[in-house]
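The structure appears below as structure tokens.
The values are calculated or read from the model by the stated rules, or taken from the named source; none is laboratory data. Worth saying up front: this structure is predicted, and the values here are computed from it rather than measured. Here the Cβ is made from the backbone with ideal geometry for all residues, glycine too, and neighbour counts use every protein chain on show. Remember, those area values only see protein heavy atoms, side chains included, never the ligands or the DNA or RNA. Shrake-Rupley method; radii C 1.70, N 1.55, O 1.52, S 1.80 Å.
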Amino acid sequence: LYTSPFINRFNERIQINGQQIPDEALVELVEQVKPAADAMEDVPTEFEIITALGMLYFAQQQCDIVVLEVGLGGTLDSTNVIEKPACAVITALGMDHVKELGGGRRRAAPGGGTAARSLYRGGLCKAANHRRGFGRSYLQL
């Protein structure tokens with residue numbers, strides 16, 4: 001499970017089978033990712049670094065399935081490293097994200113904006129818990 005933000009402890013963001021990533025494993029991952037991040041011209045965001053930590057941990061642990069919460073979506077979202085998700089679910093989009101996604105409610109809505117287009121790449125999709133108008137355009141993808 002990869003989620004954001006955490007409630008009580010950072011380690012909640014990266015879990016396998018309900019077990020939070022151990023502190024020691026997190027330190028080892030940071031030691032592996034930090035040199036690459038430091039060498040980048042385009043400084044990665046906090047979310048991009050945490051995503052890299054999570055993806056590296058899941059790969060090292062050979063996870064069969066990962067539940068991955070995306071960021072704000074869009075083509076530049078760091079969670080777009082997943083080429084073709086087996087399943088994608090889009091839940092209600094908070095209006096607080098409209099500013100970051102741009103173009104108002106219609107553009108930010110799944111299908112109307114880049115969030116859904118970048119998420120859906122041929123796997124099973126489900127739009128859930130949407131207010132009127134938010135789910136309709138997504139289902140037309």
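Which of the residues spanning the stretch 23-55 are open to solvent by less than 70 Å² (accessible area, probe 1.4 Å) and over 23 Å from E83 (Cα atoms)?
Listed by number, the residues that qualify are A25, L26, V30.
Counting just the residues of the stretch 1-22 that are of a type outside the set (V, I, T), free of Cβ contacts under 8 Å to residues at least 40 places away in the same chain and touching a helix residue (DSSP H, G or I) at 6+ places or on another chain (Cβ under 7 Å), which one comes out surrounded by the most Cβ atoms within 10 Å (Cβ to Cβ)? Spell out the reasoning first.
To start, the set of residues in the stretch 1-22 that are of a type outside the set (V, I, T) comprises 1-2, 4-6, 8-13, 15, 17-20, 22.
Narrowing the set further to residues that are free of Cβ contacts under 8 Å to residues at least 40 places away in the same chain leaves 5-6, 8-12, 15, 17-20, 22.
After this cut, where a residue has to be touching a helix residue (DSSP H, G or I) at 6+ places or on another chain (Cβ under 7 Å) as well, the list is 6, 11, 20.
On the way: F6: 13, N11: 15, Q20: 18.
Restricting to residues being of a type outside the set (V, I, T), free of Cβ contacts under 8 Å to residues at least 40 places away in the same chain and touching a helix residue (DSSP H, G or I) at 6+ places or on another chain (Cβ under 7 Å), the top hit is Q20.
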